[in-house]
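Asks: I am attaching a structure below and will ask some questions about it afterwards.
A short reminder: the numbers here are calculations on the coordinates, not readings from a lab. Since this is a predicted model, take the numbers as computed values, not measurements. Every residue, glycine as well, gets a Cβ built from its backbone with ideal geometry; the counts of neighbours run over all protein chains shown.
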Amino acid sequence: MRTGMNLLLWTTHVTEQHYPLLATLRETGYDGVEIPLGQGDEAYYRALGAELDRMGLARTAVTSLMAETNPVSPDAAVRRAAVERLKWAIDNAAALGCELLCGPFHSAFKVFTGLPPTDDERQWSAEVLREGAEHGQAAGVTLAIEALNRFECYLVTTMADARDLVRRADHDNLFVHYDTHHMHIEEKSAAGAIGATARELRHVHISENDRGTPGSGQVAWDETFKALKAIGYDGWLTIESFSRLDPGFAGAIHIWRDFDALEDVYTAGLRFMRRMWAGE
């Protein structure tokens with residue numbers, strides 16, 4: 001198991017001004033960080049990757065797709081744009097030195113039809129993901145799709161949805177990503193959801209029900225950690241918490257208040273993960 005910290009707590013775009021923060025996270029004891037991919041080019045990400053190497057920080061990457069790159073759009077041109085945007089993210093993840101790209105890139109974030117997903121939409125998403133997974137395999141980047149809660153998407157809101165879509169895409173470089181915040185809302189049982197996707201699970205976000213410090217809220221943590229250990233999970237446990245440092249991003253994800261001091265999130269959060277993994 002490796003411990004990570006998602007940089008979205010501070011920013012949607014990591015720059016040189018965040019290098020001292022990265023060093024602090026390494027000193028705190030994190031094995032790595034999760035870098036959001038929203039802007040920049042391969043040269044930028046190679047430079048960031050070199051700095052992370054210098055600090056001894058491993059990394060994963062996270063990305064999402066929007067309306068103009070919606071994999072489940074009825075417009076074939078928009079679906080083609082989704083493929084190209086996903087390939088862009090994969091290429092930048094590779095430049096960064098990532099072996100894993102995660103996120104809800106099965107569909108566009110917060111784009112709804114007002115109806116449940118159709119079989120056509122599932123098939124369109126599977127086709128985009130299959131092509132992305134193939135590109136990722138050539139680049140050395142594994143893909144893991146994240147199930148979101150019903151207020152942020154409609155295509156993949158449970159781990160069974162994610163698993164079934166991965167199986168439909170049928171590519172050995174495509175897996176699922178479990179987020180404790182979203183699944184606290186959508187799943188009846190953390191253990192059941194984790195157990196049912198044991199074969200496909202490659203990434204885990206540790207995120208509290210209110211997006212504050214992990215361990216301070218209502219998520220079924222004992223059940224979650226026991227289930228992960230029961231299936232032999234040995235991948236990343238990455239904290240994902242949010243703040244209002246970036247008002248535009250905070251508004252998009254409905255963060256209306258600051259929950260905890262940022263230092264508490266990454267220090268107490270890391271201690272919590274280690275304690276739970278040790279079974280204490």
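Asks: In whole angstrom, how far apart do the alpha carbon centroids of region 239-280 and region 73-106 sit?
Replies: 26 Å
Asks: Here are several values of Cα Rg over 2.2 N^0.38 Å: (1) 1.12; (2) 1.07; (3) 0.93. Which one was derived from the coordinates shown?
Replies: Comparing each candidate, only (3) matches the computed number.
Asks: Would you calculate a helix-derived [θ] at 222 nm for the chain, using -39,500 (n - 2.57) for each DSSP H run of n ≥ 4 and dividing by the full residue count, to the nearest 500?
Replies: Taking each H run of at least 4 residues, the total per residue is -13500 deg cm²/dmol.
Asks: Using Cα pairs closer than 8 Å and at least 6 residues apart in sequence, work out the relative contact order for region 67-159, in percent.
Replies: Reported as a whole number, the value is 35 percent.
Asks: Roughly what % antiparallel, to the nearest 5, for the DSSP beta bridges in the chain?
Replies: About 0 percent, rounded to the nearest 5.
Asks: Shifting gears a bit: Putting +1 on Lys and Arg Cβ atoms and -1 on Asp and Glu Cβ atoms, find which of Pro36, Ala76, Thr15 reaches farthest to the positive end of the dipole of region 1-81.
Replies: Checking the options against the dipole of region 1-81, the answer is Ala76.
Asks: Around Leu100, which amide H atoms from residues at least 5 apart in sequence, or from another chain, sit under 5 Å from its own amide H, with H modelled in the peptide plane?
Replies: Under 5 Å from the amide H of Leu100: Ala61, Thr142.
Asks: Using the 10 angstrom Cβ neighbour count as an exposure proxy, how do Lys188, Lys110 rank, fewest first?
Replies: On the way: Lys188 9, Lys110 17.
Listed from fewest to most nearby Cβ atoms, that is Lys188, Lys110.
Asks: What residue among Cys98, Ala193, Leu262 has its Cα farthest toward the positive end of the dipole of the chain, where the charges are +1 on Lys, Arg and -1 on Asp, Glu, each on the Cβ?
Replies: Looking along the dipole axis, the top candidate is Ala193.
Asks: Ranked by Cβ crowding within 10 angstrom, fewest neighbours first, how are Ser189, Ser125 ordered?
Replies: Ser189, Ser125
Asks: Which of these, Gln17, Gln137, Gln218, has the largest mean-square fluctuation under a Gaussian network model of the chain (Cα springs below 10 Å)?
Replies: Maximum among the listed residues: Gln17.
Asks: Something else about it: For Lys188, give me every one of the lysines with a C-alpha distance below 26 angstrom, ignoring sequence neighbours fewer than eight places off in its own chain.
Replies: The reachable lysines, counting only those whose Cα sits under 26 Å from Lys188, are Lys110, Lys226, Lys229.
Asks: Using only the alpha-carbon atoms, what does region 135-190 span along each of its principal axes? Please give whole angstrom values in decreasing order.
Replies: Projected onto the principal axes, the Cα atoms of region 135-190 cover 36, 19, 19 Å.
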